[in-house]
Amino acid sequence: MSQPISRLFIVGLLALWLFAPAAQASQLVEGKVQSTLVPATVEYNALLPDGYDGATEPLPLLLFLHGGGGDKTFLNRMRPILDEMWQAGTLPPMVIVTPSAGRSFYMDYKDGSQKWETFMATDFLEHLRGRFKVTKERKGTVLFGISMGGLGALRLGFQYPEKFAGLAALEPGIDPVLKWKDLTARNKFWRGPDVMDTLFGKPFDEAYWEANNVATIATNQADKLRAANLGIYIEAGDEDLFFLHEATEFLHRILWDQNIKHEYHLVRGADHVGRTIRPRAMEGLEFLARLLIPPPPDPEVDAARKRMEPLKKKMGVPER
């Protein structure tokens, strides 16, 4: 995203490790990958869980996407949270990878000079599956992102639901409209025209923006998303200084109206940065953990549904 988001977001992440325990037995390793889809070698960091070297079965893979202006060290700063969750048993062992993607918005540029979305879903995924002991299956491949990374996680998940089982998008840098012309200064002040021209062409291509707009994708591909049963977690603080809670609420309503299953949190008193990020990140990661290891059936729920079914049929209550 824009430079203001970069500075503020990095400052806000200080709280993530100031109050966190020291890292446990995980391993942080570096890597590089070249692709014709992006103009330069892409560096990345990968976090391997305790026991990785002795693993005999493929582990889940989590693409952990940084915000605007960030880089692969986003994973370093978030590592205390991940180690704490591994130690507590609230996050299953997995390989977690953050590439340095600059302010790419994780999208394919209009002029074709950079194709980050395609790179992430093809060359990068294939490279990681070749290097690490990770699954090659959709079922164990998931996404997590904050701010611009939340936008990237949503677009990748919505565009490639056959490749990703689920995603968690925190305060995603998305828009509360379906048409660019309907967007006001309140919701786009933080993006400079230079960034938008680079991504969407000059003159600005509104049709290309709509093709990459998360809410528009969800609307146009609702049948595909419902059929894929993609796990979707979205959230934002209700005091987000970039008003991203308005866009997240808008996406929630789109998903609700289209009957696309998802989990949505509006966090009271939370902003785009600060001490709320840590517990919010943990909640998003716990959602992904439930996708990877679903909880067992709940007998109380099953019994209650069985009791209500005759009444629903009698009253002609339709399913959504």
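Read-outs: derived from the displayed coordinates by stated rules, not from any lab. Values in this document were obtained by computation on a predicted structure and should not be read as measured data. Glycine gets a Cβ as well: all are built from the backbone with ideal geometry, and neighbour counts include every protein chain shown.
Overview of results
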quantity: Charge dipole (debye, nearest 20) of region 3-315; +1 at Cβ of Lys and Arg, -1 at Cβ of Asp and Glu; calculated: 520
quantity: Neighbour count of at most 13 Cβ within 10 Å plus DSSP loop: longest GluC sites (Glu not before Pro)-free window in the chain; calculated: 163-318
quantity: GNM flexibility winner over the chain from LEU62, LEU143, LEU37 (Cα, springs under 10 Å); calculated: LEU37
quantity: Trypsin sites (Lys or Arg not before Pro) restricted to region 125-168 and DSSP loop, no more than 14 other C-beta within 10 Å; calculated: LYS136
quantity: Anisotropy class of region 113-239 from Cα gyration tensor, a/c 1.5 cut; calculated: prolate
quantity: Under 5 Å, built H, 5+ apart or other chain: amide partners of GLU263; calculated: ILE232, TYR233, ILE234
quantity: Of the chymotrypsin sites (Phe, Trp or Tyr not before Pro) in region 128-205, those whose Cβ has at most 11 other Cβ within 10 Å and which sit in DSSP loop; calculated: none
quantity: Net +/- balance of residues flanking ASP197 in space, Cβ distance below 15 Å, scoring K and R +1, D and E -1; calculated: +1
quantity: For the chain, calculated [θ]222 nm from helices alone, where every DSSP H run of n ≥ 4 adds -39500 (n - 2.57); calculated: -12000 deg cm²/dmol
quantity: Among ALA101, LEU167, PHE144 - extreme Cα towards positive end, dipole of the chain, charges at beta-carbon; calculated: LEU167
quantity: Nearby lysines by direct alpha-carbon distance to LYS133 (threshold 24 angstrom, same-chain neighbours under 8 apart not counted); calculated: LYS32, LYS72, LYS163
quantity: Percent of beta bridges antiparallel (DSSP, region 3-315, rounded to nearest 5); calculated: 35
quantity: Fewest-first ranking of SER147, SER113, SER104, using other Cβ atoms within 10 Å as the exposure measure; calculated: SER113, SER104, SER147
quantity: In range of the label at LYS188: residues from region 195-239 whose backbone nitrogen is under 17 Å from the point 7 Å along Cα→Cβ; calculated: 195-217
quantity: Sequence-distant aspartates and glutamates (8 or more away, or on other chains) whose Cα lies within less than 17 Å of LYS202; calculated: ASP108, ASP111, ASP194, GLU210
quantity: Principal axis dimensions, region 182-320 - Cα atoms, whole angstrom, descending; calculated: 59, 37, 27
quantity: For ASP238, ASP123, ASP302, order by how many other beta-carbon atoms lie within 10 Å, fewest first; calculated: ASP302, ASP238, ASP123
quantity: Most mobile listed residue (PRO161, PRO294, PRO93) in the chain, GNM with C-alpha springs under 10 Å; calculated: PRO294
quantity: Radius ratio Rg over Rh of the chain, counting only Cα atoms, Kirkwood formula for Rh; calculated: 0.97
